[in-house]
Structure formats: structure tokens, C-alpha cells
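> Please read through the structure below; I'll follow up with questions.
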Amino acid sequence: MRGWSLKGTNRRILKIGLSLVLLLSLFIEGCITYRPLYIDNVCAIFRDEIDWYDAALESNKKWGTPIWVMMAIIHQESRFIEDAQPPRPWFLFIPLPRPSSAYGYAQAQDPAWEDYIRASGRGGADRDDFEDAIDFVGWYTHTTQRTLGISKWDAFRQYLAYHEGRGGYQRGTWKNKAWLVHVAKKVKRKSAIYSAQLKRCKAELDDEVNSWFF
């Protein structure tokens with residue numbers, strides 16, 4: 001037949017095959033959840049996944065909590081693992097129920113997450129979605145500031161109220177938990193480190209966010 005050649009057909013098949021491979025690779029990439037390698041460097045976290053920085057900016061603008069405070073809380077709660085849960089206790093070879101319903105980046109428990117959904121109207125929010133999780137932390141710390149008067153910049157006391165719940169903080173349940181006070185001090189230190197790091201890379205990150213094409 002005129003205009004037909006085996007060579008031309010092979011080229012078309014090759015192009016189709018390469019297109020399918022590209023589509024498959026994009027699909028697989030979209031299904032892979034980002035887990036930062038260098039969790040002690042907030043600049044590295046955001047450089048490797050600029051969507052996370054954009055989500056942190058949005059939460060900061062909405063709720064007013066500094067990015068470094070929110071990120072320090074998430075670092076302590078889950079080490080940025082999307083499906084983190086409390087360890088399951090075992091009796092001999094029998095798995096027992098987990099000690100709490102905490103789940104996801106922010107380790108939000110069921111009642112607190114339900115309160116957040118009602119207050120924010122984000123009915124489709126998921127605890128294993130970073131954008132939703134950091135919005136939850138922003139909302140929780142904002143509400144803590146409104147109800148307890150704890151500054152959103154006070155990572156130490158914000159974390160105590162986050163861990164114990166606002167009622168527990170008011171009752172002083174943390175005062176007899178030396179280990180928890182130690183952890184809250186770690187969150188405060190991590191917040192200060194993240195703050196210093198972010199000052200050095202914020203302009204770069206802002207440029208990258210603003211240069212996106214939608």
C-alpha cells in the first residue's frame with residue numbers, strides 16, 4: 001500500500017509505547033506519598049516538596065500560627081509519617097487495641113478531628129494528607145490561644161495543651177509528667193531551630209511558590 005512502511009509503523013508503536021510508559025510513571029509518582037529524608041532541616045523538607053510549603057503558608061495566613069511552631073509539633077508527633085499511629089500493645093502473641101485513636105501527621109484523635117471538621121467545614125479532610133494535617137494544627141493552636149490565652153508563638157505551652165487537650169492543660173495534668181515537660185522543651189527547641197532555618201530559605205521558597213504556572 002502506498003504511504004505505508006514497516007519502519008513508519010514501528011515508529012508509531014514506539015511513540016505510543018513511550019507515551020504509555022510516561023503516563024504510567026506519572027500515575028505511580030502521584031500515588032507515592034512524600035516522606036522527607038532530612039526532617040531536622042525545614043528548608044530541606046520544603047525544597048523537596050514545595051506543595052508542603054504552600055500548605056504551611058496557607059495555614060499560617062488562615063490561623064496565624066508560625067510555620068515553625070506547626071512544623072515542630074508535627075515533627076514531634078509523627079516525624080512526618082503520613083499514617084503514623086501509636087504502637088499497638090501485645091499480650092503474648094495477641095495484638096491488643098491501640099492506646100488511642102491518634103492518626104496521621106498531626107496524631108489527631110477522633111474527637112479533636114471531628115471538632116475540626118465541624119469548625120472548618122472541611123468535610124473531605126484526611127489526617128494522612130499533609131495539607132489537612134497542618135491546617136488542623138493551625139486551627140488547634142489558634143483555638144488554644146482564644147480559649148486559654150496561650151500565645152501561638154509559645155511552642156512549649158502550645159504543645160502541652162496539644163498533647164493533654166485544653167481541659168487537661170487547665171487542670172494541670174502535665175505538671176506531674178516530667179517526661180512530657182521534657183518533650184515540650186524539645187518541641188520548643190525544634191521550633192527555634194526551624195525558625196532560624198526558615199529565615200535563611202524563606203525568600204527562595206516564596207520565589208518558587210510564586211513562580212508556579214497553573
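> Starting from the amide H of ALA108, placed 1.01 Å from N in the peptide plane, find each other amide H under 5 Å away whose residue is 5 or more places distant or on another chain.
Answer set, sorted by chain and number: TYR103.
> Convert 37 °C to kelvin, take the viscosity as 0.692 mPa s, use the Kirkwood radius over C-alpha pairs of segment 36-210 as Rh, and evaluate the Stokes-Einstein diffusion coefficient in µm²/s, rounded to a whole number.
Estimated diffusion coefficient is 197 µm²/s.
> So for segment 141-195, taking the charge dipole from beta-carbon charges (+1 Lys/Arg, -1 Asp/Glu), which of GLY167, HIS142, ALA184 sits furthest toward the positive end?
ALA184
> Moving on to the next point. If you count, for each residue, the other Cβ atoms within 10 Å and average over each peptide, how do 167-173, 79-85, 50-56 line up from highest to lowest?
50-56, 79-85, 167-173
> May I pose another question? Pairs of lysines 8 or more apart, or on different chains, with alpha carbons under 16 Å: count those in segment 165-209, would you?
4
> OK, next. Listing SER78, SER120 from the residue with the fewest other Cβ atoms within 10 Å to the one with the most, what is the order?
Exposure proxy ranking, most exposed first: SER120, SER78.
> Can I ask one more? Taking the simple approach of a point 7 Å from Cα along Cα-to-Cβ for both VAL209 and ASP54, what is their distance in nm?
Simple spin-label model gives 1.0 nm for this pair.
> How far apart, in nm, are two points set 7 Å out from the Cα along the Cα-to-Cβ line at TYR38 and at ALA178?
3.7 nm
> State whether segment 83-172 is rounded, prolate or oblate according to the following rule on the C-alpha gyration tensor (a ≥ b ≥ c being the square roots of its eigenvalues): a/c under 1.5 gives rounded; otherwise a/b larger than b/c gives prolate, and the remaining case gives oblate.
oblate
Each value in this text was obtained by applying a stated rule to the coordinates, not by laboratory testing. This structure is a prediction, so every number in the text was calculated from the model and none was measured. Methodologically, a virtual Cβ is constructed for each residue, glycine included, from the backbone with ideal geometry; neighbour enumeration extends over all protein chains shown.
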